[in-house]
Amino acid sequence: MNLSNPIFIISGSSGTGERTLIKTLLERHREFQLTTSATTRARRPSDKPSDYYFLTEEEFQWQSRSWKK
């Protein structure tokens with residue numbers, strides 16, 4: 001297993017501070033990079049355009065099948 005590029009997943013319920021934690025980590029560790037998540041949920045007024053890839057359920061299922069290849 002190659003641990004030279006570990007992946008960290010930060011997940012939590014809405015309002016638990018994930019964005020604050022991620023912002024702090026990115027400020028302290030310039031070598032970290034942020035990925036963009038995909039979601040099928042409706043866009044919220046507070047969402048920035050770069051926060052998520054907003055997909056329909058059908059688009060998500062199609063992408064999911066193509067990622068498995």
Tally, over the stretch 31-47, of residues that are of a type outside the set (A, V, I, L, M, F, W, C) and touching a strand residue (DSSP E or B) at 6+ places or on another chain (Cβ under 7 Å): 4
For the stretch 32-69, what are the residues that are open to solvent by 70 Å² or more (accessible area, probe 1.4 Å), of a type in the set (A, V, I, L, M) and within 20 Å of ILE9 (Cβ to Cβ)? LEU34
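May I ask you to list the residues in the stretch 34-69 that are part of a helix (DSSP H, G or I) and modelled with pLDDT of 90 or more?
If the condition is that a residue be part of a helix (DSSP H, G or I) and modelled with pLDDT of 90 or more, then GLU57, GLU58, GLU59, PHE60, GLN61, TRP62 are the ones that fit.
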Go through the stretch 17-54 and count every residue that is in contact with a helix residue (DSSP H, G or I) (Cβ under 7 Å, 6 or more places away or on another chain) and over 25 Å from SER4 (Cβ atoms). 2
Among the numbered conditions (1) at pLDDT 90 or above; (2) within 26 Å of TRP62 (Cα to Cα); (3) under 14 Å from the mean Cα position of the chain (by Cα), tell me where LEU21 comes up short. (2)
Which condition number does LYS23 fail, the rest of (1) among the basic types (Lys, Arg); (2) open to solvent by 80 Å² or more (accessible area, probe 1.4 Å); (3) within 20 Å of SER64 (Cα to Cα) being met? (3)
Only residues in the stretch 24-49 that are within 22 Å of GLN63 (Cα to Cα) count as the first member; pair them with residues that are open to solvent by 70 Å² or more (accessible area, probe 1.4 Å) and not polar (S, T, N, Q), Cβ under 7 angstrom, at least 6 apart or cross-chain, and list the lot. THR36/TYR53; ALA38/TYR53; THR40/GLU57
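The values are calculated or read from the model by the stated rules, or taken from the named source; none is laboratory data. Computed from a predicted model, the values in this text were never measured in an experiment. Heads up, the Cβs are rebuilt from the backbone with ideal geometry, glycines too, and the neighbour counts pull from every protein chain shown. Just the protein is used for accessible areas: all its heavy atoms, side chains included, with ligands, DNA and RNA removed. Shrake-Rupley method; radii C 1.70, N 1.55, O 1.52, S 1.80 Å.
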